[in-house]
Amino acid sequence: MTGSKILVALRIAAPTPRVFRAFTDEIGLWWQADGLFAFTPGPPGRLSFDPKGPEGRLIEEKPDGGRFEIGRILTWEAPPAPGTAGRLALTWRQASFAADQETRVFVAFDPVEDGTRVTVEHLGWDAIPISHAARHHFPDGIFLHRHGSFWRRQLAGLAAVSVRR
């Protein structure tokens with residue numbers, strides 16, 4: 001998975017273990033659904049990791065009780081203590097993807113002087129045709145910019161939950 005990628009980063013004023021836990025344990029609190037980049041049709045659901053850890057999956061739980069597997073965990077390295085780094089990687093797909101289509105998300109939790117730098121790399125969109133519903137017919141530059149803005153909003157929500165607790 002080379003080619004086009006989305007890369008966003010944000011500094012959060014909280015230690016790496018806290019930010020990692022907020023990302024994984026409290027994703028349902030900070031993740032904001034976006035109609036442009038919805039995983040499934042219909043009302044948005046709540047995200048959770050089930051189960052948590054290296055054998056887990058990222059799931060969208062719909063209001064009607066249905067569940068959609070967004071992706072499978074590839075790497076789950078929780079930072080063991082403040083001042084240590086963490087990593088999370090997972091496959092990523094929308095319900096409209098064909099069976100052989102997926103993207104990948106890599107998240108780094110790196111200690112910095114005032115807390116944690118969270119870096120998200122979302123790769124593989126070049127394998128999803130521009131004509132696909134998930135791409136909204138946007139050319140690469142526009143799509144990557146819009147999806148990068150989506151990820152920046154998600155990280156802002158993560159920051160709010162991370163520093164509040």
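The values are calculated or read from the model by the stated rules, or taken from the named source; none is laboratory data. The structure displayed is predicted, hence computed values, not measured ones. Every residue, glycine among them, receives a Cβ derived from its backbone with ideal geometry; neighbour counts consider all protein chains shown. Keep in mind that these areas ignore ligands, DNA and RNA; they rest on the heavy atoms of the full protein, side chains included. Shrake-Rupley method; radii C 1.70, N 1.55, O 1.52, S 1.80 Å.
For the reader, a short list of remarks on this structure follows.
- Available extension along the chain between V163 and R87 is 25.4 nm, counting 0.36 nm per residue and deducting the alpha carbon span.
- Mean accessible surface per residue for the range 31-165, computed with a 1.4 Å probe while every protein chain stays in place, in Å²: 49
- What a 1.4 Å probe finds exposed on the chain is 54% carbon and sulfur by accessible area, rounded to a whole percent.
- Test item: Cα-centred dipole of the chain, Lys/Arg +1 and Asp/Glu -1 on Cβ, debye: 300
- Under a model in which nothing but the beta-carbon of Lys, Arg (+1) and Asp, Glu (-1) is charged, the range 90-150 shows a dipole of about 280 debye around its Cα centre.
- Calculated [θ] (222 nm, deg cm²/dmol) that DSSP helices of n ≥ 4 give over the chain, each run adding -39,500 (n - 2.57): -7500 deg cm²/dmol
- Using a Förster distance of 30 Å, the FRET efficiency for D50-A99 (Cβ separation, nearest 0.05): 0.90
- Most positive-pole-ward Cα, V118, G65, T75, against dipole of the range 31-119 from beta carbon charges: G65
- Extension gain, V112 to E69: 0.36 nm times the residue separation minus the Cα-Cα distance gives 12.2 nm.
- Taken along the Cα-to-beta-carbon direction at a fixed 7 Å, the label points for A156 and L7 span 2.3 nm.
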